[in-house]
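For reference, the structure discussed in these notes is given below.
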Amino acid sequence: MKNYALAILILLCASLSLNAAIVNGFLQEKQKLEKEIRITVDVLNSDPMQKTKKQLEKKLRQMRKRYEEVSVNHARTAELLTIFQFIDPQFYSEVSKVTNAEGTLTHVYVRYVDKSSDEFTYFSREHFNAKAYTSVSPMVNHPNVCTSLYGTNTITVTIGIGCDEMLALAHEFAHVLYIVPNLKEYTYFMKYQNKTTNPLAQHGHSWNDSSAAFLKSIEDSFTARYENYLGKTEISNSTSQNISLGN
């Protein structure tokens with residue numbers, strides 16, 4: 001009897017627990033595919049009927065292809081989050097502990113995707129062109145509770161590959177820190193006051209936006225730390241090159 005190996009792509013990436021408040025947005029899909037692939041392989045190894053076998057083999061090929069794509073996105077996202085946490089651990093910690101107006105922890109799901117992907121082009125088509133997006137809605141009948149793609153008490157951040165990712169993520173994390181505890185008031189502002197006084201405004205970026213000063217303060221602080229990190233990285237790379245040339 002022929003045995004079907006899993007042949008799952010293994011990628012080195014940071015480990016992010018589902019219990020963490022900042023979660024890799026590809027983790028759940030990756031784990032789901034791993035489970036489905038294992039089940040399909042077990043069925044194939046049990047020597048099914050020839051007709052069923054061909055269908056399962058096709059399904060397995062499709063799942064493996066999708067798994068490779070998800071694994072790449074998962075690894076990229078994990079690396080982005082790991083470096084961000086290294087640059088500004090305090091900022092990262094604040095986002096990981098963000099709570100709504102009722103004191104409930106809100107999970108922040110981060111997705112780092114190609115800007116040509118359906119996911120990213122949806123945001124640019126339906127909203128406005130940007131490097132990244134934060135998506136959230138108030139829960140029906142619970143205006144203080146965030147909901148997003150991942151369900152209740154979640155907010156989703158999508159970063160486009162090819163921009164200055166660290167600064168883009170810092171900007172979106174600043175949005176998260178403001179929106180989550182002020183969801184009810186901010187939703188009202190965006191839906192009524194902002195559109196009345198500034199109908200062409202982009203969400204979160206208008207001159208009369210109540211979060212503007214808050215965002216700028218956080219971004220300025222992170223930018224200083226980021227520039228310091230880049231400076232140290234350049235020095236380190238330069239030193240490594242000099243040592244190499246001296247050998």
Of the peptides 108-121, 219-232, 79-92, how do they stack up when ordered by the mean number of other Cβ atoms within 10 Å, highest first? 108-121, 79-92, 219-232
Segment 35-151 shape via C-alpha gyration tensor axes, a/c threshold 1.5: prolate
Dipole of segment 93-233 [Lys/Arg +1, Asp/Glu -1 at C-beta], most positive-end residue of Gly162, Ser137, Val110: Ser137
Can you classify segment 93-233 as rounded, prolate or oblate using the Cα gyration tensor, where a ≥ b ≥ c are the square roots of its eigenvalues, rounded means a/c under 1.5, and otherwise it's prolate if a/b beats b/c and oblate if not? rounded
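Values in this text are rule-based calculations from the coordinates and carry no lab data. Here the structure is a predicted model, which means the values were calculated and not measured. All Cβ positions, even for glycine, are placed from backbone atoms using ideal geometry, and neighbour counts span all protein chains on display.
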